[in-house]
Amino acid sequence: MTAGGGNRPTVVVTRRLPAPVEERLAQEFAARLSGDDHPFTNAELQAGLRSADALLPTVSDRISAEVLAVEPLRARILANFGVGFNHIDVTAAKVRGLVVTNTPEVLTDDTADDAIMLMLMVARRGGEGERHVRSGAWTGWRPTHMLGTRVSGKTLGLIGMGRIGRAVARRAHHGFGMRVIFHDPFPPPADVVADVAAEAKATVEDVLREADFVSLHSPATPATHHLMNARRIALMKPTAFLINTARGDIVDEAALVTALKGKQIAGAALDVYEKEPQVTPDLLTMEQVVLLPHLGSATHETRVAMGMRAIDNLKAFFEGGAPRDRVA
Ligand code: 8YV
């Protein structure tokens, strides 16, 4: 769908966005909206970069150095829909003079809720129980049926204590009386840590050894690629669960499968995967694993807020100001 241009900047939007966001995009810009929501090919991304002033991409668009090598390059800004931007080669974007923005803050609470949902589901066998009822296998209540693991009062280990990690800590501590331990190379201010009575650990390993639930909240960077490898997963307690709402490649999925098969850990709950939307087939067969389709920010409220935030970034940029969420 192509809106009439005038002097308004042309923005190529790679995926369908909630209606209020598409409406505002069409009002404020010469917006080229996605009609059918298909993921863009490299050629389509390059066509956008060649023919528009801006691209509004999502996690399903891999904007590599090769894609960004397009000539001639017309676009001047990549206004990403999402807080994570590991799908964009930011170094290559900078070299090409492109500004990159993201959409932090607006998705913090929903993503934290998602992590708590996964923790409860995996500990209390929520997915398994649902499958049990739907398949007609349930024969009735009995005292020993489908016993899970208590969450309240347990130790939650956070790898990463940024905005989302802190929101998870608040829920876990104030809602479930959990003890919170964490590792973050850039720890939060003391008052934030005190609010959830959290305990900073010097290393990731120190967190893994003690936690009953390990929840990942780091960005995906070369430094965090396969942070949860075989060696580190093996440090977790055999009764512990791994939760990932951050990015798939922080976990070595093959090593996780081996650890689950060997009962080195009790279970895992994943919202994100190394090769989305592909999931390592072994995981699909394991009852002690909860698998969600990247739902972290998937509420009407947040997806609208993310879109509006991306639009605000575009507007600030084209009005000559500094976009609020510039990451490059
Ligand atoms: C989005 C996310 O669903 O913001 C992120 O980094 O992972 C999710 O909120 C998706 O990535 C949007 O591009």
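Laboratory data are not the source of any read-out in this text; all were calculated from the coordinates shown. Here the structure is a predicted model, which is why all the values come from computation and not from measurement. Cβ atoms come from the backbone with ideal geometry, glycine included; neighbour counts cover every protein chain shown.
Numbers below:
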| item | result |
| --- | --- |
| Cβ-based charge dipole, the chain, positive-most Cα from Asn313, Val257, Ala92 | Val257 |
| Spatial separation of Cα centroids for region 197-239 and region 114-129, in angstrom | 19 Å |
| Packing-based exposure ordering (other Cβ within 10 Å, fewest first) of Leu118, Leu260 | Leu260, Leu118 |
| Inter-site label distance for Asp195 and His174 at 7 Å from Cα along Cβ, in nm | 0.7 nm |
| Relative contact order of region 108-291, defined on C-alpha pairs under 8 angstrom at six or more residues apart (%) | 21 percent |
| Inter-label distance, nm, simple model (7 Å from Cα along the C-beta direction), Thr285/His38 | 3.5 nm |
| FRET efficiency, Arg62 to Glu301 (Cβ-Cβ, R0 35 Å, nearest 0.05) | 0.80 |
| Cα gyration tensor shape of the chain, rounded if a/c is under 1.5, else prolate or oblate by comparing a/b with b/c | prolate |
| Additional length obtainable on full extension of the chain from Arg134 to Lys275, 0.36 nm per residue less Cα span | 47.9 nm |
| Rough spin-label spacing in nm, given labels placed 7 Å along Cα→Cβ, for Ala223 and Glu28 | 3.3 nm |
| Potential lengthening between Ala69 and Arg150 on full extension [0.36 nm per residue; Cα-Cα distance subtracted] | 23.9 nm |
| Inter-part distance where region 307-328 and region 152-184 are each reduced to a Cα centre, Å | 32 Å |
| Net charge of neighbours whose Cβ lies under 14 Å from the Cβ of Val180, counting Lys and Arg as +1 and Asp and Glu as -1 | 0 |
